[in-house]
Amino acid sequence: MKPTYHELEFNITCIDTEHMRKDFVAAYLIEHNGRAAFVDTGCHLSVPNLLATLKEKNIEVEAVDHIILTHIHLDHAGGAGELIKHLPNANVLVHERGAQHLIDPSKLRAGVIGVYGELFFKQFLGDLIPIPSSKVVIAKDGNIISLGGRILKFIDTPGHARHHLCIWDEQSRGIFSGDTLGVSYREFDTEQGVLIFPPTTPVQFDPQVWIDTVNKLLTLKPKFAYLTHFNRIEFTKESADMLNQHINGFVAIAKKSANEESRHKAIKDSLLKYLLNIATQHGVELDEQQQIKLFKGDLEICAQGLGVWLDKEAQK
Ligand SMILES: [Zn+2]
């Protein structure tokens with residue numbers, strides 16, 4: 001198979017895992033002094049693309065030292081169990097709240113099937129394979145690893161999920177941000193720059209904690225964010241403000257829809273209106289049907305996550 005990937009600067013490659021569609025879910029490969037690390041893996045079905053990328057770039061499987069997972073949502077981590085089987089020298093670095101779920105993924109599997117359904121799981125995520133505990137290493141806030149001498153630093157970044165880490169790469173002044181610095185599809189780029197919105201995925205969305213995290217990351221003075229969805233963007237104070245504004249915007253929609261009879265549908269409809277509106281204001285000229293197609297997957301999941309958040313708030 002011929003993998004699709006984009007070579008970025010600083011020996012970083014953005015691999016298109018081709019989960020669901022092209023330009024939707026990225027995994028990254030960092031190379032330094034003959035050593036390599038993956039950041040996120042896509043899902044189980046994405047692993048052939050990752051291995052084909054190594055082959056295409058003449059990187060031996062023995063040269064891969066790490067699989068770093070930003071968090072354990074399956075579009076980021078679902079492939080790790082399969083991938084590690086092919087990488088004899090690699091370990092898996094993960095947040096302490098995620099580690100156990102990689103070693104015994106039964107709860108994670110049940111949770112994902114609860115959200116997406118069995119059919120989706122089999123068809124689009126494929127499988128979820130346990131990782132031997134000897135291969136799993138917990139990465140804590142402030143921990144540093146060296147990739148052939150290149151320093152990568154872990155930062156605890158709750159808000160999207162409590163098991164979320166970001167990775168700071170001093171060399172590129174970039175943050176491998178998983179879902180924490182938002183979702184931004186290249187189709188929505190305009191003269192005004194990038195359009196960013198928050199994936200408020202179930203079940204740990206926490207708006208204020210997330211905003212605090214975004215502001216904390218901004219103090220690093222990053223130049224780039226390497227987003228899972230999708231590819232590298234320049235990340236500025238304006239990017240952070242946009243993301244925080246839309247976290248609040250999504251929360252306002254959830255609150256307004258809280259007492260609607262068909263709450264999920266009400267949230268989803270309002271979210272779509274909101275996204276189409278911000279796209280118009282951003283100068284996006286794609287026709288509406290195309291925009292709806294691109295937003296579709298996020299709408300369902302974001303609406304579910306906001307519903308879970310409302311239920312938790314109601315219990316406080
Ligand atoms: Zn996620």
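For Ala161, the conditions (1) assigned to a loop (DSSP other than H, G, I, E, B); (2) hydrophobic (A, V, I, L, M, F, W, C); (3) within 21 Å of Pro48 (Cβ to Cβ) are fulfilled apart from (3). When restricted to residues that are outside any helix (DSSP H, G or I), more than 16 Å from the ligand (Cβ to nearest atom) and β-branched (Val, Ile, Thr), region 27-79 contains 4. Can you name the condition, by its number, that Ile167 falls short on among (1) touching a strand residue (DSSP E or B) at 6+ places or on another chain (Cβ under 6 Å); (2) among the β-branched types (Val, Ile, Thr); (3) away from the ligand (no atom under 16 Å from the Cβ)? For Ile167, the failing item is (3). Pro207 falls short of the stated requirement of being within 25 Å of Gly98 (Cα to Cα), assigned by TED's automatic domain parsing to the domain that holds Thr13, within 12 Å of the chain's Cα centre (by Cα) and not small (Gly, Ala, Ser).
The set of residues in region 116-136 being surrounded by 19 or more Cβ atoms within 10 Å (Cβ to Cβ), in a helix (DSSP H, G or I) and in contact (Cβ under 8 Å) with a residue 24 or more places away in the chain consists of Leu125 alone. Restrict the check to region 80-102 and report whether at least one residue is within 30 Å of Lys293 (Cα to Cα), in a loop (DSSP other than H, G, I, E, B) and not aliphatic (A, V, I, L, M). No, region 80-102 contains no residue that is within 30 Å of Lys293 (Cα to Cα), in a loop (DSSP other than H, G, I, E, B) and not aliphatic (A, V, I, L, M). With the structure loaded, tell me whether Gly98 is within 23 Å of Asp169 (Cβ to Cβ) and either within 16 Å of the ligand (Cβ to nearest atom) or buried (at least 18 other Cβ atoms within 10 Å of the Cβ) (or both) or whether it fails that test. In short, yes.
The values are calculated or read from the model by the stated rules, or taken from the named source; none is laboratory data. The shown structure was predicted, so the numbers you read here are calculated from the model rather than taken from an experiment. Neighbour counts are summed over all protein chains in view; Cβ atoms, including those assigned to glycine, are modelled from backbone coordinates with ideal geometry.
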